[in-house]
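To keep things clear, I will list the structure first and then write my remarks on it.
The values are calculated or read from the model by the stated rules, or taken from the named source; none is laboratory data. All values reported here derive from a predicted model rather than from experimental measurement. Here the Cβ positions follow ideal geometry from the backbone for every residue, glycine too, while neighbour counts run over all protein chains shown. Quick note on the areas: whole protein, heavy atoms, side chains included, nothing else; ligands and nucleic acids left out. Shrake-Rupley method; radii C 1.70, N 1.55, O 1.52, S 1.80 Å.
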Amino acid sequence: MRGLYTILLLICSNAFMTVAWYGHLKLNEIRTGNPLPLFIVILMSWGIAFFEYCCQVPANRIGFIDNGGPFSLFQLKVIQEVVSLAVFTVFALLVFKNETLRWNHIAAFVCLILAVYFVFKK
């Protein structure tokens, strides 16, 4: 169960971080008038990123093998990267309708899946 909790927390964490990093790009399109000043956008992103950390830190703590979890440090990192890319892809396709998923994106995903395979190989 610790592995499942870790992955669910990583998904939650990456959802917040994706919104913090890329959500403001859509905000300019939604708002009418002048775009928000960069300083305000940075503060908003930091506020959203706080919730990312509220999920990321427990995910790593629960999942780390030295804390009774099933994953090594390297495994945690590779899982996080794959989750991050998956969450970003869903976000980009749902929020940014002009973005398309192309063959080279799929090829990159396959490489990441191979990275997961290799990091778990004994």
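Within the range 44-73, residues that are in contact (Cβ under 8 Å) with a residue 12 or more places away in the chain and of a type in the set (S, T, N, Q) reach partners that are in a helix (DSSP H, G or I) and open to solvent by less than 50 Å² (accessible area, probe 1.4 Å) with beta carbons closer than 6 Å, at six or more positions or on different chains, in the pairs Ser45/Ala20; Gln56/Ser13; Asn60/Leu76. Taking Asn98, is it polar (S, T, N, Q) and in a loop (DSSP other than H, G, I, E, B)? For Asn98, the condition - polar (S, T, N, Q) and in a loop (DSSP other than H, G, I, E, B) - is met.
The listed residues are Leu43, Leu76, Leu114, Leu93, and the only one of them that is surrounded by 16 or more Cβ atoms within 10 Å (Cβ to Cβ), out of contact with any strand residue (DSSP E or B) (no Cβ under 6 Å at 6 or more places or on another chain) and part of a helix (DSSP H, G or I) turns out to be Leu76.
If you check Leu76, Leu94, Leu114 for being modelled with pLDDT of 90 or more and more than 21 Å from Tyr22 (Cβ to Cβ), only one passes: Leu76. When Gly69 is tested against (1) in a helix (DSSP H, G or I); (2) modelled with pLDDT of 90 or more, only condition (1) is not met. Contact map, the range 105-122: residues that are closer than 16 Å to Ser84 by Cβ paired with residues that are open to solvent by 60 Å² or more (accessible area, probe 1.4 Å), Cβ distance under 9 Å, separation 6+ or inter-chain. Pairs shown: Leu112/Glu81; Ala115/Glu81; Val116/Glu81; Val119/Phe74; Val119/Lys77.
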